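This report refers to the structure that appears directly beneath it.
The values are calculated or read from the model by the stated rules, or taken from the named source; none is laboratory data. Since the structure is predicted, the reported quantities are computational estimates derived from the model, not experimental observations. Cβ: placed from backbone, ideal geometry, glycine included. Neighbour counts: every protein chain shown. Side chains are part of the model used for accessible areas, which takes the heavy atoms of the whole protein and leaves out ligands, DNA and RNA. Shrake-Rupley method; radii C 1.70, N 1.55, O 1.52, S 1.80 Å.
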Amino acid sequence: MNIRNGLHEFPARLRRAGTDLVVGVLIALGAMLSVCLFLITAYFVILFVIGIGAVMLPIVTKWVRWLCNANRRVAARSGIEIAVPYRPEPQEFEKDIVGWIRRCKWILTDPASWRDLLWLLLNSVVGMIGFLPAVVLYYVLEGFALACGLWRPILRAQGTGREYFFVPIQSQPTAALGALAAAALFVVWVWYSPAFLTAHAYFTRLLLGPTERSRLAVRVQHLAETRSGALDAAAAELRRIERDLHDGAQARLVSLGMTLGALERHLGSESDEARRLLRDARTSSISALRELRDLVHGIHPPILAERGLADALRALGLASPLRVEVTVSIPGEVPPPLESALYFAVSELLTNALKYSGAEHVEVSAWQDGAVLHARVIDDGRGGADPTAGTGLHGIRRRLATFDGTLDISSPLGGPTAIKMEIPCVLSSLKTSSS
(Lines give C-alpha, C1' and ligand atoms only; values in the text may rest on other atoms or scores of the structure.)
Protein backbone atom coordinates (compact mmCIF):
# COMPACT_ATOMS: atom_id res chain seq x y z
CA MET A 1 0.00 0.00 0.00
CA ASN A 2 2.83 2.44 0.83
CA ILE A 3 4.55 1.71 -2.48
CA ARG A 4 1.27 2.30 -4.33
CA ASN A 5 0.73 5.59 -2.51
CA GLY A 6 4.32 6.58 -3.27
CA LEU A 7 3.83 5.93 -6.98
CA HIS A 8 0.62 7.92 -6.91
CA GLU A 9 2.36 10.88 -5.27
CA PHE A 10 5.45 10.73 -7.48
CA PRO A 11 4.26 13.09 -10.29
CA ALA A 12 3.23 15.78 -7.79
CA ARG A 13 6.48 15.43 -5.86
CA LEU A 14 8.45 15.58 -9.12
CA ARG A 15 6.75 18.85 -10.07
CA ARG A 16 7.42 20.24 -6.61
CA ALA A 17 11.08 19.18 -6.80
CA GLY A 18 11.42 20.90 -10.17
CA THR A 19 9.89 24.07 -8.80
CA ASP A 20 12.10 23.92 -5.72
CA LEU A 21 15.14 23.59 -7.97
CA VAL A 22 14.27 26.89 -9.68
CA VAL A 23 13.45 28.59 -6.37
CA GLY A 24 16.70 27.26 -4.89
CA VAL A 25 18.72 28.75 -7.71
CA LEU A 26 16.95 32.09 -7.14
CA ILE A 27 17.78 31.86 -3.42
CA ALA A 28 21.43 31.25 -4.26
CA LEU A 29 21.45 34.20 -6.66
CA GLY A 30 19.84 36.22 -3.89
CA ALA A 31 22.72 35.16 -1.64
CA MET A 32 25.11 36.75 -4.10
CA LEU A 33 22.97 39.87 -4.07
CA SER A 34 23.06 39.78 -0.25
CA VAL A 35 26.81 40.36 -0.32
CA CYS A 36 26.42 43.46 -2.47
CA LEU A 37 23.53 44.86 -0.43
CA PHE A 38 25.38 44.23 2.83
CA LEU A 39 28.43 46.14 1.64
CA ILE A 40 26.39 48.99 0.15
CA THR A 41 24.18 49.33 3.25
CA ALA A 42 27.12 49.22 5.64
CA TYR A 43 28.87 51.87 3.54
CA PHE A 44 25.92 54.30 3.69
CA VAL A 45 25.33 53.62 7.39
CA ILE A 46 28.92 54.67 8.03
CA LEU A 47 28.45 57.74 5.84
CA PHE A 48 25.31 58.68 7.75
CA VAL A 49 27.12 58.33 11.08
CA ILE A 50 29.81 60.76 9.96
CA GLY A 51 27.17 63.22 8.71
CA ILE A 52 26.45 62.33 5.07
CA GLY A 53 24.58 59.58 3.30
CA ALA A 54 21.10 60.52 4.52
CA VAL A 55 19.74 60.57 0.97
CA MET A 56 20.88 57.11 -0.16
CA LEU A 57 20.28 55.12 3.04
CA PRO A 58 16.45 55.05 2.74
CA ILE A 59 16.72 54.03 -0.91
CA VAL A 60 19.14 51.19 -0.16
CA THR A 61 16.93 50.11 2.75
CA LYS A 62 14.03 49.64 0.33
CA TRP A 63 16.16 47.22 -1.70
CA VAL A 64 17.20 45.37 1.44
CA ARG A 65 13.64 45.01 2.69
CA TRP A 66 12.47 43.93 -0.74
CA LEU A 67 15.01 41.07 -0.72
CA CYS A 68 14.15 40.13 2.87
CA ASN A 69 10.41 40.13 2.14
CA ALA A 70 10.99 38.00 -0.95
CA ASN A 71 12.77 35.41 1.21
CA ARG A 72 9.91 35.56 3.73
CA ARG A 73 7.50 34.70 0.92
CA VAL A 74 9.76 31.84 -0.21
CA ALA A 75 9.79 30.53 3.37
CA ALA A 76 5.99 30.49 3.31
CA ARG A 77 6.17 27.97 0.42
CA SER A 78 7.81 25.59 2.87
CA GLY A 79 5.02 26.12 5.39
CA ILE A 80 7.01 28.52 7.57
CA GLU A 81 5.15 31.81 7.89
CA ILE A 82 7.30 34.82 8.77
CA ALA A 83 5.48 38.01 9.70
CA VAL A 84 6.96 41.33 8.61
CA PRO A 85 8.62 42.77 11.75
CA TYR A 86 9.29 46.38 10.74
CA ARG A 87 8.01 49.16 12.94
CA PRO A 88 5.19 51.25 11.47
CA GLU A 89 6.41 54.06 9.27
CA PRO A 90 5.45 57.55 10.42
CA GLN A 91 2.62 58.98 8.35
CA GLU A 92 4.50 61.99 7.03
CA PHE A 93 8.08 63.09 6.47
CA GLU A 94 9.18 66.57 5.53
CA LYS A 95 10.25 66.86 1.92
CA ASP A 96 13.67 68.27 2.75
CA ILE A 97 16.92 67.19 4.36
CA VAL A 98 15.23 67.18 7.80
CA GLY A 99 12.69 64.70 6.48
CA TRP A 100 15.44 62.47 5.07
CA ILE A 101 17.28 62.53 8.39
CA ARG A 102 14.09 61.63 10.26
CA ARG A 103 13.55 58.78 7.79
CA CYS A 104 17.09 57.52 8.41
CA LYS A 105 16.55 57.76 12.17
CA TRP A 106 13.37 55.70 11.83
CA ILE A 107 15.31 53.06 9.89
CA LEU A 108 18.32 52.90 12.18
CA THR A 109 16.29 52.79 15.41
CA ASP A 110 14.30 49.81 14.16
CA PRO A 111 15.96 46.58 15.46
CA ALA A 112 14.63 44.76 12.40
CA SER A 113 16.93 46.85 10.20
CA TRP A 114 19.99 45.55 12.02
CA ARG A 115 18.67 41.99 11.91
CA ASP A 116 18.26 42.44 8.15
CA LEU A 117 21.88 43.51 7.94
CA LEU A 118 23.05 40.45 9.90
CA TRP A 119 20.88 38.22 7.70
CA LEU A 120 22.45 39.70 4.57
CA LEU A 121 25.92 38.88 5.87
CA LEU A 122 25.12 35.30 6.89
CA ASN A 123 22.86 34.62 3.91
CA SER A 124 25.76 35.26 1.57
CA VAL A 125 27.01 31.86 2.82
CA VAL A 126 23.88 30.02 3.98
CA GLY A 127 21.93 30.99 0.87
CA MET A 128 24.26 28.91 -1.28
CA ILE A 129 22.29 25.91 -0.01
CA GLY A 130 19.84 26.82 -2.75
CA PHE A 131 22.30 25.46 -5.33
CA LEU A 132 22.27 21.97 -3.74
CA PRO A 133 19.09 20.67 -5.47
CA ALA A 134 20.58 21.66 -8.83
CA VAL A 135 23.94 20.07 -7.92
CA VAL A 136 22.29 16.80 -6.90
CA LEU A 137 20.22 16.71 -10.10
CA TYR A 138 23.36 17.39 -12.16
CA TYR A 139 25.06 14.43 -10.46
CA VAL A 140 22.03 12.24 -11.25
CA LEU A 141 22.12 13.25 -14.91
CA GLU A 142 25.86 12.58 -14.99
CA GLY A 143 25.25 9.00 -13.79
CA PHE A 144 22.67 8.40 -16.50
CA ALA A 145 24.96 9.93 -19.15
CA LEU A 146 27.84 7.62 -18.11
CA ALA A 147 25.51 4.60 -18.26
CA CYS A 148 24.41 5.59 -21.77
CA GLY A 149 27.96 5.27 -23.07
CA LEU A 150 29.80 8.41 -22.01
CA TRP A 151 32.21 6.21 -20.03
CA ARG A 152 33.76 4.85 -23.26
CA PRO A 153 35.36 8.11 -24.59
CA ILE A 154 36.44 8.96 -21.05
CA LEU A 155 38.11 5.56 -20.69
CA ARG A 156 39.88 5.93 -24.04
CA ALA A 157 41.03 9.47 -23.23
CA GLN A 158 42.19 8.89 -19.66
CA GLY A 159 42.90 5.18 -19.54
CA THR A 160 40.73 4.82 -16.43
CA GLY A 161 36.98 4.99 -16.00
CA ARG A 162 35.08 7.83 -14.37
CA GLU A 163 34.31 7.13 -10.72
CA TYR A 164 30.63 7.41 -9.81
CA PHE A 165 29.48 6.68 -6.27
CA PHE A 166 32.90 5.16 -5.55
CA VAL A 167 32.45 2.77 -8.52
CA PRO A 168 34.89 3.16 -11.46
CA ILE A 169 32.73 3.11 -14.61
CA GLN A 170 34.88 1.25 -17.14
CA SER A 171 32.59 -1.47 -18.44
CA GLN A 172 28.94 -1.96 -19.23
CA PRO A 173 28.17 -3.87 -15.97
CA THR A 174 29.75 -1.10 -13.87
CA ALA A 175 27.84 1.43 -16.00
CA ALA A 176 24.63 -0.39 -15.08
CA LEU A 177 25.57 -0.15 -11.40
CA GLY A 178 26.11 3.58 -11.90
CA ALA A 179 22.68 3.89 -13.51
CA LEU A 180 21.07 2.12 -10.55
CA ALA A 181 22.85 4.46 -8.16
CA ALA A 182 21.73 7.47 -10.21
CA ALA A 183 18.12 6.22 -10.21
CA ALA A 184 18.19 5.77 -6.43
CA LEU A 185 19.67 9.23 -6.00
CA PHE A 186 16.98 10.65 -8.30
CA VAL A 187 14.21 9.18 -6.13
CA VAL A 188 15.88 10.62 -3.04
CA TRP A 189 16.15 13.98 -4.81
CA VAL A 190 12.46 13.98 -5.74
CA TRP A 191 11.36 13.17 -2.20
CA TYR A 192 13.80 15.21 -0.15
CA SER A 193 14.93 18.19 -2.21
CA PRO A 194 12.37 20.45 -0.41
CA ALA A 195 14.40 19.86 2.76
CA PHE A 196 17.09 22.25 1.49
CA LEU A 197 14.58 25.09 1.13
CA THR A 198 13.01 24.23 4.48
CA ALA A 199 16.40 24.50 6.16
CA HIS A 200 16.91 27.92 4.58
CA ALA A 201 13.40 28.94 5.66
CA TYR A 202 14.20 28.12 9.30
CA PHE A 203 17.38 30.16 9.03
CA THR A 204 15.41 33.06 7.58
CA ARG A 205 12.79 32.88 10.33
CA LEU A 206 15.51 32.89 12.97
CA LEU A 207 16.83 36.28 11.83
CA LEU A 208 13.98 37.89 9.92
CA GLY A 209 11.08 36.87 12.15
CA PRO A 210 9.43 39.44 14.40
CA THR A 211 10.54 40.00 17.98
CA GLU A 212 8.10 40.63 20.82
CA ARG A 213 8.68 44.38 20.59
CA SER A 214 8.00 44.46 16.85
CA ARG A 215 4.87 42.33 17.34
CA LEU A 216 3.65 44.84 19.91
CA ALA A 217 4.33 47.77 17.56
CA VAL A 218 2.44 46.09 14.71
CA ARG A 219 -0.38 45.25 17.10
CA VAL A 220 -0.65 48.86 18.22
CA GLN A 221 -0.74 50.03 14.61
CA HIS A 222 -3.45 47.47 13.78
CA LEU A 223 -5.57 48.56 16.73
CA ALA A 224 -5.15 52.21 15.78
CA GLU A 225 -6.28 51.46 12.21
CA THR A 226 -9.25 49.37 13.33
CA ARG A 227 -10.25 52.03 15.87
CA SER A 228 -10.18 54.64 13.12
CA GLY A 229 -12.22 52.33 10.90
CA ALA A 230 -14.72 51.74 13.69
CA LEU A 231 -15.16 55.48 14.23
CA ASP A 232 -15.63 56.04 10.49
CA ALA A 233 -18.15 53.19 10.30
CA ALA A 234 -20.06 54.53 13.29
CA ALA A 235 -20.16 58.02 11.81
CA ALA A 236 -21.36 56.65 8.46
CA GLU A 237 -24.03 54.60 10.22
CA LEU A 238 -25.29 57.65 12.09
CA ARG A 239 -25.44 59.64 8.85
CA ARG A 240 -27.39 56.80 7.22
CA ILE A 241 -29.87 56.68 10.11
CA GLU A 242 -30.31 60.45 10.01
CA ARG A 243 -30.81 60.40 6.24
CA ASP A 244 -33.31 57.54 6.36
CA LEU A 245 -35.29 59.21 9.13
CA HIS A 246 -35.30 62.56 7.34
CA ASP A 247 -36.03 61.32 3.83
CA GLY A 248 -38.19 58.32 4.65
CA ALA A 249 -40.21 57.88 7.82
CA GLN A 250 -40.18 61.57 8.80
CA ALA A 251 -41.38 62.71 5.38
CA ARG A 252 -44.15 60.11 5.37
CA LEU A 253 -45.32 61.11 8.83
CA VAL A 254 -45.38 64.78 7.77
CA SER A 255 -47.39 63.76 4.73
CA LEU A 256 -49.73 61.80 6.98
CA GLY A 257 -50.29 64.86 9.17
CA MET A 258 -51.05 67.04 6.15
CA THR A 259 -53.45 64.44 4.79
CA LEU A 260 -55.30 64.25 8.09
CA GLY A 261 -55.52 68.03 8.17
CA ALA A 262 -57.03 68.07 4.70
CA LEU A 263 -59.40 65.31 5.79
CA GLU A 264 -60.59 67.45 8.69
CA ARG A 265 -61.46 70.27 6.29
CA HIS A 266 -63.40 67.97 3.97
CA LEU A 267 -65.46 66.17 6.57
CA GLY A 268 -69.12 66.92 6.22
CA SER A 269 -68.84 68.41 2.75
CA GLU A 270 -67.31 65.83 0.43
CA SER A 271 -67.64 62.35 1.86
CA ASP A 272 -66.07 60.62 -1.19
CA GLU A 273 -63.05 62.86 -1.04
CA ALA A 274 -62.83 62.23 2.71
CA ARG A 275 -62.78 58.49 2.15
CA ARG A 276 -60.00 58.84 -0.43
CA LEU A 277 -57.95 60.94 1.95
CA LEU A 278 -58.51 58.35 4.69
CA ARG A 279 -57.22 55.63 2.43
CA ASP A 280 -54.17 57.70 1.56
CA ALA A 281 -53.55 58.39 5.23
CA ARG A 282 -53.81 54.70 6.09
CA THR A 283 -51.43 53.79 3.28
CA SER A 284 -48.92 56.42 4.40
CA SER A 285 -49.08 55.26 8.00
CA ILE A 286 -48.47 51.65 6.95
CA SER A 287 -45.50 52.69 4.81
CA ALA A 288 -44.08 54.83 7.61
CA LEU A 289 -44.42 51.98 10.09
CA ARG A 290 -42.73 49.57 7.69
CA GLU A 291 -39.82 51.96 7.09
CA LEU A 292 -39.38 52.54 10.82
CA ARG A 293 -39.27 48.78 11.37
CA ASP A 294 -36.70 48.39 8.60
CA LEU A 295 -34.65 51.19 10.12
CA VAL A 296 -34.70 49.58 13.57
CA HIS A 297 -33.90 46.22 11.99
CA GLY A 298 -30.88 47.80 10.29
CA ILE A 299 -29.55 49.11 13.61
CA HIS A 300 -29.99 45.96 15.68
CA PRO A 301 -32.38 43.21 14.50
CA PRO A 302 -34.95 42.44 17.23
CA ILE A 303 -34.50 38.71 16.69
CA LEU A 304 -30.94 39.01 17.98
CA ALA A 305 -32.14 40.45 21.27
CA GLU A 306 -35.09 38.07 21.51
CA ARG A 307 -33.72 34.75 20.26
CA GLY A 308 -29.94 35.04 20.02
CA LEU A 309 -27.41 34.58 17.20
CA ALA A 310 -28.26 30.97 16.37
CA ASP A 311 -31.95 31.63 15.62
CA ALA A 312 -31.10 34.91 13.91
CA LEU A 313 -28.83 33.09 11.45
CA ARG A 314 -31.51 30.44 10.88
CA ALA A 315 -34.00 33.22 10.18
CA LEU A 316 -31.63 34.67 7.58
CA GLY A 317 -31.47 31.26 5.92
CA LEU A 318 -35.26 30.89 5.87
CA ALA A 319 -35.72 34.40 4.45
CA SER A 320 -33.27 33.85 1.59
CA PRO A 321 -34.60 32.63 -1.80
CA LEU A 322 -31.59 30.28 -1.95
CA ARG A 323 -31.42 26.85 -0.34
CA VAL A 324 -29.53 27.72 2.83
CA GLU A 325 -28.32 25.12 5.30
CA VAL A 326 -27.48 26.64 8.68
CA THR A 327 -25.44 24.84 11.34
CA VAL A 328 -24.72 26.64 14.61
CA SER A 329 -22.78 25.23 17.55
CA ILE A 330 -22.23 28.05 20.05
CA PRO A 331 -22.56 26.86 23.65
CA GLY A 332 -22.91 30.27 25.31
CA GLU A 333 -24.08 33.83 24.86
CA VAL A 334 -22.20 35.99 22.36
CA PRO A 335 -21.66 39.66 23.36
CA PRO A 336 -24.23 41.83 21.52
CA PRO A 337 -21.71 43.85 19.45
CA LEU A 338 -20.07 40.66 18.18
CA GLU A 339 -23.29 38.86 17.33
CA SER A 340 -24.55 41.97 15.54
CA ALA A 341 -21.33 42.18 13.48
CA LEU A 342 -21.48 38.48 12.61
CA TYR A 343 -25.19 38.65 11.79
CA PHE A 344 -24.78 41.54 9.35
CA ALA A 345 -21.68 39.91 7.83
CA VAL A 346 -23.58 36.69 7.10
CA SER A 347 -26.55 38.70 5.82
CA GLU A 348 -24.29 40.60 3.41
CA LEU A 349 -22.66 37.38 2.20
CA LEU A 350 -26.04 35.76 1.54
CA THR A 351 -27.09 38.85 -0.41
CA ASN A 352 -23.87 38.71 -2.46
CA ALA A 353 -24.41 35.01 -3.18
CA LEU A 354 -27.94 35.76 -4.41
CA LYS A 355 -27.03 38.80 -6.54
CA TYR A 356 -23.64 37.97 -8.02
CA SER A 357 -22.60 34.33 -7.70
CA GLY A 358 -25.47 32.50 -9.39
CA ALA A 359 -25.47 30.08 -6.48
CA GLU A 360 -28.32 27.70 -5.69
CA HIS A 361 -27.15 26.27 -2.37
CA VAL A 362 -25.37 27.97 0.53
CA GLU A 363 -23.96 26.45 3.70
CA VAL A 364 -23.72 28.69 6.75
CA SER A 365 -21.97 27.41 9.85
CA ALA A 366 -20.91 29.07 13.09
CA TRP A 367 -19.03 27.53 15.99
CA GLN A 368 -16.88 28.33 18.98
CA ASP A 369 -13.31 27.06 19.23
CA GLY A 370 -11.54 28.13 22.38
CA ALA A 371 -11.58 31.91 22.58
CA VAL A 372 -12.38 32.38 18.89
CA LEU A 373 -15.81 32.60 17.27
CA HIS A 374 -15.80 31.09 13.77
CA ALA A 375 -18.29 31.44 10.93
CA ARG A 376 -18.14 30.11 7.39
CA VAL A 377 -20.32 30.74 4.33
CA ILE A 378 -19.86 28.42 1.33
CA ASP A 379 -21.87 28.76 -1.89
CA ASP A 380 -21.84 26.71 -5.09
CA GLY A 381 -21.76 29.75 -7.37
CA ARG A 382 -19.38 30.75 -10.13
CA GLY A 383 -16.66 32.07 -7.79
CA GLY A 384 -14.33 34.94 -8.56
CA ALA A 385 -15.25 37.02 -5.51
CA ASP A 386 -12.83 39.95 -5.28
CA PRO A 387 -12.72 42.06 -2.09
CA THR A 388 -11.13 44.93 -4.04
CA ALA A 389 -13.88 45.07 -6.67
CA GLY A 390 -16.61 46.53 -4.44
CA THR A 391 -17.49 47.80 -1.01
CA GLY A 392 -19.39 44.75 0.31
CA LEU A 393 -16.54 42.42 1.25
CA HIS A 394 -14.33 45.35 2.19
CA GLY A 395 -17.06 46.59 4.52
CA ILE A 396 -17.36 43.17 6.15
CA ARG A 397 -13.60 43.01 6.65
CA ARG A 398 -13.61 46.49 8.20
CA ARG A 399 -16.55 45.61 10.47
CA LEU A 400 -14.78 42.45 11.71
CA ALA A 401 -11.45 44.26 12.10
CA THR A 402 -13.15 46.52 14.66
CA PHE A 403 -13.23 43.46 16.93
CA ASP A 404 -9.78 42.23 15.84
CA GLY A 405 -11.49 39.73 13.56
CA THR A 406 -10.35 38.42 10.19
CA LEU A 407 -11.99 37.57 6.87
CA ASP A 408 -10.46 34.81 4.71
CA ILE A 409 -11.75 34.48 1.13
CA SER A 410 -11.27 31.48 -1.16
CA SER A 411 -13.11 32.00 -4.43
CA PRO A 412 -11.46 30.44 -7.50
CA LEU A 413 -13.10 31.00 -10.87
CA GLY A 414 -15.74 28.33 -11.31
CA GLY A 415 -16.37 28.17 -7.58
CA PRO A 416 -17.09 27.29 -4.95
CA THR A 417 -16.71 30.41 -2.82
CA ALA A 418 -15.74 29.78 0.81
CA ILE A 419 -15.56 32.76 3.15
CA LYS A 420 -14.39 32.21 6.71
CA MET A 421 -14.66 34.73 9.54
CA GLU A 422 -12.89 34.61 12.89
CA ILE A 423 -13.51 36.92 15.84
CA PRO A 424 -11.83 36.67 19.25
CA CYS A 425 -14.66 36.07 21.69
CA VAL A 426 -15.18 34.84 25.25
CA LEU A 427 -18.70 33.49 25.71
CA SER A 428 -20.79 34.24 28.77
CA SER A 429 -23.43 32.00 30.31
CA LEU A 430 -25.51 29.63 28.23
CA LYS A 431 -28.35 31.21 26.28
CA THR A 432 -31.51 29.27 25.53
CA SER A 433 -32.31 29.00 21.86
CA SER A 434 -34.68 27.02 19.74
CA SER A 435 -33.11 24.33 17.64
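Does the range 57-185 classify as rounded, prolate or oblate by the C-alpha gyration tensor (a ≥ b ≥ c root eigenvalues; a/c under 1.5 gives rounded; else a/b over b/c gives prolate, otherwise oblate)?
prolate
Can you list the residues, at least 5 places off or on another chain, whose amide H is less than 5 Å from the amide H of Tyr164, using H built in the peptide plane?
So Tyr164 has HN proximity to Ile169.
Enumerate the amide H contacts of Ala54 below 5 Å, restricted to partners 5 or more residues apart or on another chain; note that Pro and chain-start residues carry no placed amide H.
The answer is none.
What length, rounded to one decimal in nm, is gained on full extension from Ser171 through to Arg77, with 0.36 nm per residue of separation minus their alpha-carbon distance?
Gain on stretching Ser171 to Arg77: 29.5 nm.
Collect residues whose amide H, placed 1.01 Å from N in the peptide plane, falls under 5 Å from the amide H of Val326; neighbours closer than 5 in sequence don't count.
Amide H to amide H, under 5 Å and 5 or more residues apart or across chains, Val326 pairs with Val364.
For Met258, Met128, write out the residues from largest to smallest accessible area, computed with a 1.4 angstrom probe and no ligands counted.
Correct descending sequence by accessible area is Met258, Met128.
Residues in the range 164-189 near a label at Gln158, defined as backbone nitrogen under 13 Å from the 7 Å Cα→Cβ point?
164-171
Subtract the Cα-Cα distance of Leu14 and Thr327 from 0.36 nm times their separation in residues, and report this length gain in nm to one decimal.
Net length gain for the segment: 108.6 nm.
For the pair Leu33/Asp280, report the inter-label distance in nm, with labels modelled 7 Å from Cα in the Cβ direction.
In this crude label model, Leu33 to Asp280 measures out at 7.4 nm.
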